[in-house]
Every structure is written in C-alpha cells, then in structure tokens.
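See structure below.
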Amino acid sequence: MCLLIGFIIIIYVSYRLYQHFYPTPNISPNGKYTLISGCDTGLGHGSAIELDKQGFNVLTGVFSLDNISSLQKELSSRATVLRLDITKQEDIDTAFELVKEKTQVLHGLVNNAGISISGYVDWMSKESLHKVMDVNFFGHVAMTKKFLPLLIAKRDSRVVNICSAAGYIATPAMSAYSASKYALESAFGLFSSRNGSMGFTC
C-alpha cells in the first residue's frame with residue numbers, strides 16, 4: 001500500500017514539475033480560423049460554442065439543415081454555420097470553397113462527426129458496416145486531405161480527431177464502431193509522422 005501511495009506521489013510531483021517547466025502556451029485566438037464537423041449536438045456543439053467564446057473564428061458543420069439557424073443564434077457574428085455531410089465529396093468541396101473565401105490559413109480542423117450502429121458483425125448488413133466506416137473513417141480522411149493545403153500553410157496548425165476507447169478495446173455489439181475507430185487511430189498515427197509542421201491528435 002505504501003509503495004502505491006509513494007508511486008502516486010512521485011507521478012503527481014513529476015506532473016507538476018512538467019507543468020512548471022513546460023507550461024501550456026497561451027494561444028491567441030485573434031485571426032485564427034477553426035473548422036469543426038458534427039456540430040449538431042454533443043461534443044462538436046459544445047466545442048463550437050466554447051471556441052467562439054474564446055474569440056476564434058469558428059466554422060461549424062452540421063448535418064441537419066434544421067440545426068443551422070438554432071446554432072447560429074448561439075454563436076457570435078464571427079461564426080459561420082454550414083451544412084456538411086462528410087460522406088459527400090460535393091459537401092466537402094463546397095465547405096472548402098467557403099472557408100477559402102474567408103481565410104487562406106486554417107488554424108485547426110476538428111474531425112468530430114461520427115455515428116454508431118450497434119450489433120455483432122454477423123448481425124449487421126454490409127450497408128450498415130459501410131455507413132459507419134464512411135462517416136467515422138473515410139469522411140475524416142477526406143476532410144483532412146481536402147483541407148490540408150490550408151492547414152500546412154502555417155506552422156503549428158492542428159488536426160484533432162475525436163476518437164474513442166473503442167479504438168483500443170473492442171466492446172460487445174460494437175463491431176462496426178470499434179473497427180472504424182481502430183482504423184482512425186492507426187491511419188492518423190502513420191499520417192502524422194510525415195507532416196512535422198502539424199499536430200495530429202486523437
């Protein structure tokens with residue numbers, strides 16, 4: 001028991017020393033643009049509101065047309081809400097042109113959109129499996145590849161992929177979701193090693 005307590009104390013002290021000598025940089029939001037997908041509800045919705053409050057120019061993608069006006073009311077005049085289905089290349093292309101009209105440099109891309117269809121692999125149709133992979137994996141890859149020119153235009157830009165513990169540990173009846181998150185973790189782990197000027201986070 002004493003060894004465990006001592007280990008916890010050492011970890012805590014080490015963490016505090018790390019924070020002291022390597023403090024988190026204070027990132028100024030002035031003139032910085034961030035694009036977030038999947039802002040209808042949940043984490044994407046909350047992130048858009050929080051970044052907007054901090055002063056970032058937030059570009060928020062929503063799947064449902066009904067959510068455009070309601071989200072716009074919650075954000076400042078700096079923010080832009082757009083319809084974005086990341087499984088459709090035409091939607092991604094339209095979003096890219098809209099963003100490019102506003103800025104030539106994208107500070108951050110948050111790949112947040114995601115879906116889950118429960119079921120064991122032998123219960124699910126191939127269409128359902130494809131649908132989950134199209135949103136949770138291929139959609140994020142397509143977004144990142146499309147917006148890469150605006151991201152690498154500036155050093156220290158960021159791509160944040162909203163992943164899950166299911167990307168490490170598969171849970172019962174979550175075959176398609178776990179597979180999509182495994183794919184996302186592995187693909188961007190390899191991708192980031194080739195782009196030293198950018199940060200990739202899951």
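Observations on the structure shown:
- When the criteria are applied in full, T87 fails the requirement of being of a type in the set (S, T, N, Q) and over 16 Å from N111 (Cβ atoms).
- A142 vs. criteria closer than 17 Å to F63 by Cα, part of a helix (DSSP H, G or I) and of a type in the set (A, V, I, L, M): yes
- Among the conditions (1) surrounded by 11 or more Cβ atoms within 10 Å (Cβ to Cβ); (2) farther than 18 Å from V160 by Cβ; (3) out of contact with any strand residue (DSSP E or B) (no Cβ under 6 Å at 6 or more places or on another chain); (4) not hydroxyl-bearing (S, T, Y), the only one that V81 does not satisfy is (3).
- The set of residues in segment 80-96 being assigned to a helix (DSSP H, G or I) and more than 14 Å from T60 (Cα to Cα) consists of Q89, E90, D93.
- Tally of residues being over 14 Å from H107 (Cα atoms), of a type in the set (G, A, S) and surrounded by fewer than 20 Cβ atoms within 10 Å (Cβ to Cβ) across segment 41-63: 2
- When segment 97-115 is limited to residues that are touching a residue at least 60 places away in the same chain (Cβ under 8 Å) and of a type outside the set (A, V, I, L, M), the one that is surrounded by the most Cβ atoms within 10 Å (Cβ to Cβ) turns out to be N111.
- From V110, V159, V135, residue being closer than 13 Å to T87 by Cβ and not in a loop (DSSP other than H, G, I, E, B): V135
- Yes/no for S77 being touching a residue at least 24 places away in the same chain (Cβ under 8 Å) and either in a strand (DSSP E or B) or not acidic (D, E) (or both): no
- Looking only at residues in segment 50-74 that are of a type in the set (S, T, N, Q) and in a strand (DSSP E or B), the one that is farthest from I27 (Cα to Cα) is T60.
- Hey, V105 under 18 Å from Y33 (Cβ atoms) and at pLDDT 95 or above or not: no
- In segment 26-40, residue surrounded by the most Cβ atoms within 10 Å (Cβ to Cβ) [restricted to those that are part of a loop (DSSP other than H, G, I, E, B) and touching a strand residue (DSSP E or B) at 6+ places or on another chain (Cβ under 6 Å)]: C39
The values are calculated or read from the model by the stated rules, or taken from the named source; none is laboratory data. Everything quoted here is computed from the prediction, not taken from an experiment. Counting neighbours? That spans all protein chains shown, and the Cβs are built from the backbone with ideal geometry, glycine included.
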